[in-house]
1. I'm checking a number: the convex hull volume of the Cα atoms of segment 124-168, normalised per residue, in Å³. What is it?
2. Let me know the volume per residue of the alpha-carbon convex hull for segment 1-116, in Å³.
3. Obtain the nm distance between the two label points defined at Asp113 and Leu136 by a simple spin-label model: each point lies 7 Å from its Cα along the Cα-to-C-beta direction.
4. Over 13 Å apart: what share of the alpha carbon pairs of segment 49-112 falls there, rounded to a whole percent?
5. Heavy-atom accessible area per residue, segment 29-117, 1.4 Å probe: how many Å²?
6. If I compute solvent accessible area with a 1.4 Å probe over the protein chains, what percent of it on segment 1-158 is carbon and sulfur?
7. Do any chymotrypsin sites (Phe, Trp or Tyr not before Pro) in segment 76-156 lie in a DSSP loop with no more than 10 other beta carbon atoms within 10 Å, and if so, which?
Amino acid sequence: MLADLVGNALASMDGVKFTYLRACPSCGGPVTGHDLRAKRFAVLLENGKERTIRVSVKRFYCQQCGTLCYADAPFYPDTRLASPVVDLCLLLSQQMPFNRVAQRLRAMGIVVDRGTIRNYASRDFGTIPATELFGLLLPLSLLNLATFTLGRERHPITGAEALVACGFPSAGRAAPHDGGSPNERDQRYEEKEKEERKTEDR
């Protein structure tokens with residue numbers, strides 16, 4: 001039941017668009033639309049095969065400082081998976097070793113390798129709102145997303161609803177301590193995405 005609840009919530013995000021940004025997060029200046037980028041939201045295990053769930057996030061160009069910045073979206077700085085998945089990794093890693101976390105996630109139909117879980121656990125993402133369900137401490141971001149997506153086949157969840165479910169935007173929750181400038185983080189993210197897409201195509 002938990003696997004179905006979580007899997008359906010994450011799968012419902014496939015193709016969702018995030019296109020709103022009030023102002024440049026670096027300087028507060030006005031922004032103009034630049035392009036739309038696909039970002040990995042989660043990787044699910046369906047019938048023994050991996051399925052990548054991707055969302056589209058609009059990028060903006062700051063007219064004041066020239067920074068390229070992303071629209072509000074449920075991602076922590078310098079992470080390749082969405083915040084509900086990161087939250088789940090963090091909470092489970094507080095309850096069991098990293099290898100067991102990876103196994104538990106796989107049993108729930110979510111693919112995250114042990115090294116990624118260890119990397120997330122070593123960072124400070126602030127307090128993760130959570131509640132106990134089925135004997136596990138689970139993040140409210142994921143449970144809220146599951147609630148939002150129940151019975152929504154005819155009316156898919158919108159980017160704005162997903163942000164509310166995940167508790168975003170919340171710039172104070174996870175400020176990048178050593179991630180470099182926004183442009184540097186963006187470049188690293190794009191390089192990782194290219195490498196992983198090559199691996200997926202093999």
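The values are calculated or read from the model by the stated rules, or taken from the named source; none is laboratory data. Everything quoted here is computed from the prediction, not taken from an experiment. Cβ atoms come from the backbone with ideal geometry, glycine included; neighbour counts cover every protein chain shown. Ligands, DNA and RNA are stripped out before the accessible areas are found, and what is left, the full protein with its side chains, is counted by its heavy atoms. Shrake-Rupley method; radii C 1.70, N 1.55, O 1.52, S 1.80 Å.
1. 73
2. Cα convex hull per residue, to the nearest whole number: 110 Å³.
3. 2.2
4. 70
5. For segment 29-117, the per-residue accessible area is 41 Å².
6. Of all accessible area on segment 1-158, carbon and sulfur atoms account for 48 percent.
7. Here the chymotrypsin sites (Phe, Trp or Tyr not before Pro) that fit, given the DSSP loop and packing criteria, are Phe134.
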